[in-house]
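**Student:** Sharing a structure, written as structure tokens. Questions coming.
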Amino acid sequence: MPQNLLKNGEFEADWGEEKSHRCRIFPKDAEPYEREIGNIFVPPGWVFWFRHEPGVWDQPEGRDAWKQHDPRRVHSGEKAYMYFTFFRKHDAGLFQQVQVTPGTRLHLTAWAHAWSNHKDGPHPDDGRWSEGPGYEAGFLLEGEAPNSDWENFTFYVGIDPTGGTDPFADTVVWGHGAHIYNQYAQVPAVEVVAQADIVTVFLRSKTLWPFKHNDAYWDDVELVAKGGEEPEVHLSHEPANPKVGDVVTIEARSLTALSDVLIVVRQPTGAELPRTEVVAGRDGDWYAWTYTTSPLSEVGTHEIMFSAAGDVEATATFDCAPGAPPPRGLPRAQYERTYVLLPPDADAAWALAVVDGVWDRHRYTIGSSADDAGIGDLDARRVIAVNPGKWPSDLRAFFKEYYPGVEYVAIEAETPDELTQKLKQL
């Protein structure tokens with residue numbers, strides 16, 4: 001079995017070994033400080049901490065929980081550790097600093113449960129009843145609680161891989177929170193890579209309501225070094241089949257919390273794409289990092305290179321295909337077009353009549369194809385149909401069906417000269 005790197009992780013050591021009341025207090029809008037608090041009996045090897053904002057976050061009391069007094073409150077051995085607030089809320093726990101080798105992958109687990117009982121509940125002061133699950137053993141991950149009673153107690157374990165002693169620092173990596181009642185269950189674990197020769201382990205419980213009984217129980221906390229293998233990192237990309245001009249999102253996922261994450265994309269020519277910010281997030285037990293590229297410009301195989309503190313590395317590739325050719329027939333710029341559409345039997349005299357009527361003033365397009373008259377991705381298309389009755393079908397209906405948006409104008413003329421005059425009047 002891997003060695004537990006924590007001192008007194010099972011809380012079996014006699015309090016008399018250190019006789020500690022050492023507490024680290026985190027007041028609102030002030031610097032943290034340490035003091036001895038007589039009604040908090042701190043287990044050997046540990047330091048008690050709590051957030052302090054009287055009336056909002058209050059000081060708990062803490063002591064050993066003995067199997068001989070209540071076997072349900074001990075997971076293994078003869079005793080566990082418990083702390084509580086009475087008609088008050090708390091955000092509190094324990095921490096311990098551990099000496100390690102930088103780059104070591106560390107895995108933290110702990111067992112915990114709460115007794116969460118309100119004075120106006122259906123079974124006040126009943127040590128077997130907790131608001132939410134009632135008499136049953138309760139375990140739900142944070143975010144899955146069906147109501148606020150279930151949400152009251154949340155347990156967490158965390159590690160600061162830099163060795164800091166502030167549970168509210170950005171450097172602390174927390175596991176997923178869990179609501180645990182009446183019976184011990186394992187708090188969701190957390191895994192990190194040590195960045196210094198000291199790391200700090202945190203146990204934490206937080207309550208939502210000032211219930212009469214807000215009691216937290218902890219036992220069997222283990223910090224172990226994982227084997228020599230590197231943390232597993234999974235790399236993926238979207239879209240799955242990118243083309244030139246596409247923006248690609250790279251995602252890296254690991255069950256281990258990693259720091260100093262860098263994601264680089266190398267193009268087929270060997271040049272790196274401009275680096276952008278790597279965004280960190282969580283997805284259940286997974287830690288995730290995303291990186292969005294600039295638009296791709298090279299065809300061929302691109303290499304994704306992932307690195308993190310502790311010499312963690314991973315690589316993957318994706319192929320970039322040529323971009324789709326631009327659609328044919330699009331106008332270089334938008335313009336208004338008027339097309340004078342002559343009937344199928346019109347000869348050159350009719351075409352010259354159109355020239356006489358509109359060419360000098362308007363430069364209208366002249367032709368005898370209904371498709372030519374209607375086609376084009378233009379905001380303004382007008383068709384002047386000359387003698388439309390000579391077409392074998394309804395021209396107005398034709399344009400409405402096949403070239404919607406065309407402005408349709410019909411002109412009837414018996415002779416080319418009449419057509420010239422009518423066009424001049426338009």
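**Student:** For Ala196, are the conditions met, namely being in contact (Cβ under 8 Å) with a residue 60 or more places away in the chain, more than 12 Å from Trp115 (Cα to Cα) and touching a Gly at 6+ places or on another chain (Cβ under 7 Å)?
**Tutor:** yes
**Student:** Among residues belonging to region 3-34 that are buried (at least 16 other Cβ atoms within 10 Å of the Cβ) and either hydroxyl-bearing (Ser, Thr, Tyr) or touching a helix residue (DSSP H, G or I) at 6+ places or on another chain (Cβ under 9 Å) (or both), point out the one that is nearest to Phe95 (Cα to Cα).
**Tutor:** Asn8
**Student:** Could you tell me which residue of region 150-190 is farthest from Ser76 (Cα to Cα), considering only residues that are in contact (Cβ under 8 Å) with a residue 24 or more places away in the chain and of a type in the set (D, E, K, R)?
**Tutor:** The residue in question is Asp166.
**Student:** Now a separate question. Just give me the residues in region 393-413 being assigned to a loop (DSSP other than H, G, I, E, B) and either small (Gly, Ala, Ser) or touching a residue at least 40 places away in the same chain (Cβ under 8 Å) (or both), in sequence order. Step through it out loud before you land on a result.
**Tutor:** The initial filter retains those residues of region 393-413 that are assigned to a loop (DSSP other than H, G, I, E, B), namely 393-394, 403-406, 412-413.
Across region 393-413, the qualifying residues are Ser393, Gly405, Ala413.
**Student:** Tally time: how many residues in region 81-113 are closer than 23 Å to Gln186 by Cβ, under 28 Å from the mean Cα position of the chain (by Cα) and outside any strand (DSSP E or B)?
**Tutor:** 1
**Student:** Collect the residues in region 101-151 that are within 27 Å of Glu232 (Cβ to Cβ), in contact with a Phe, Trp or Tyr (Cβ under 7 Å, 6 or more places away or on another chain) and aliphatic (A, V, I, L, M), keeping them in residue-number order. Reasoning before the result, please.
**Tutor:** Residues of region 101-151 that are within 27 Å of Glu232 (Cβ to Cβ), as a first pass: 101-111, 139, 141-144.
Adding the requirement that they be in contact with a Phe, Trp or Tyr (Cβ under 7 Å, 6 or more places away or on another chain) leaves 110-111.
Result: Ala110, single match.
**Student:** Restricting the search to region 300-326, which residues are hydrophobic (A, V, I, L, M, F, W, C), part of a strand (DSSP E or B) and loosely packed, with under 15 Cβ neighbours inside 10 Å?
**Tutor:** Initially, region 300-326 is screened for residues hydrophobic (A, V, I, L, M, F, W, C), giving 304-306, 308-309, 312, 314, 316, 318, 320-321, 324.
Still in the list and also part of a strand (DSSP E or B): 304-306, 308, 312, 314, 316, 318, 320-321.
Once the filter is applied, which keeps residues that are hydrophobic (A, V, I, L, M, F, W, C), part of a strand (DSSP E or B) and loosely packed, with under 15 Cβ neighbours inside 10 Å, region 300-326 yields only Ala321.
**Student:** Scanning region 169-188 for residues that are under 21 Å from the mean Cα position of the chain (by Cα) and of a type in the set (A, V, I, L, M, F, W, C), which turns out surrounded by the fewest Cβ atoms within 10 Å (Cβ to Cβ)? So that I can check it myself, show each step before the final result.
**Tutor:** So in region 169-188, the residues under 21 Å from the mean Cα position of the chain (by Cα) come out as 169-178, 188.
Restricting the remaining residues to those that are of a type in the set (A, V, I, L, M, F, W, C) gives 169, 172-174, 178.
Working: Ala169: 11, Val172: 23, Val173: 22, Trp174: 16, Ala178: 22.
In this case the residue turns out to be Ala169.
**Student:** Quick check on region 218-237. Is at least one of its residues of a type in the set (Lys, Arg), at pLDDT 95 or above and more than 25 Å from the chain's Cα centre (by Cα)?
**Tutor:** Quick first cut of region 218-237, residues of a type in the set (Lys, Arg) only: 226.
Now restrict to residues that are at pLDDT 95 or above: none.
No, region 218-237 contains no residue that is of a type in the set (Lys, Arg), at pLDDT 95 or above and more than 25 Å from the chain's Cα centre (by Cα).
Here is a yes/no grid of residues against (1) closer than 18 Å to Ile263 by Cα; (2) surrounded by 15 or more Cβ atoms within 10 Å (Cβ to Cβ); (3) of a type in the set (S, T, N, Q):
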position	(1), (2), (3)
Leu203	no, yes, no
Glu222	no, yes, no
Gly227	no, no, no
Glu230	yes, yes, no
Val233	yes, yes, no
Val248	yes, yes, no
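**Student:** Suppose we filter region 151-197 for residues that are in a loop (DSSP other than H, G, I, E, B) and of a type in the set (A, V, I, L, M); how many remain?
**Tutor:** Residues flagged as in a loop (DSSP other than H, G, I, E, B) and of a type in the set (A, V, I, L, M) within region 151-197 amount to 4.
**Student:** Let me ask something else about it. Which residues, taken from region 375-387, are touching a helix residue (DSSP H, G or I) at 6+ places or on another chain (Cβ under 6 Å) and either modelled with pLDDT under 95 or of a type in the set (D, E, K, R) (or both)?
**Tutor:** Correct list: empty.
**Student:** Return the residue satisfying two criteria in turn: it lies in region 360-397 and is in contact with a strand residue (DSSP E or B) (Cβ under 9 Å, 6 or more places away or on another chain) and acidic (Asp, Glu), and of such residues it is surrounded by the fewest Cβ atoms within 10 Å (Cβ to Cβ).
**Tutor:** In this case the residue turns out to be Asp379.
**Student:** Which ones in region 113-164 are surrounded by 14 or more Cβ atoms within 10 Å (Cβ to Cβ), farther than 16 Å from Lys206 by Cβ and among the hydroxyl-bearing types (Ser, Thr, Tyr)?
**Tutor:** Matches in region 113-164: Thr162 only.
**Student:** Please tell me if Thr301 is in the same structural domain as Leu419 (by TED's automatic domain parsing), more than 30 Å from Val187 (Cα to Cα) and of a type in the set (S, T, N, Q).
**Tutor:** No: the conditions fail for Thr301.
The values are calculated or read from the model by the stated rules, or taken from the named source; none is laboratory data. Computed from a predicted structure; not experimentally measured. For neighbour counting, all protein chains shown are included, and Cβ atoms are generated from backbone atoms with ideal geometry for every residue, glycine included.
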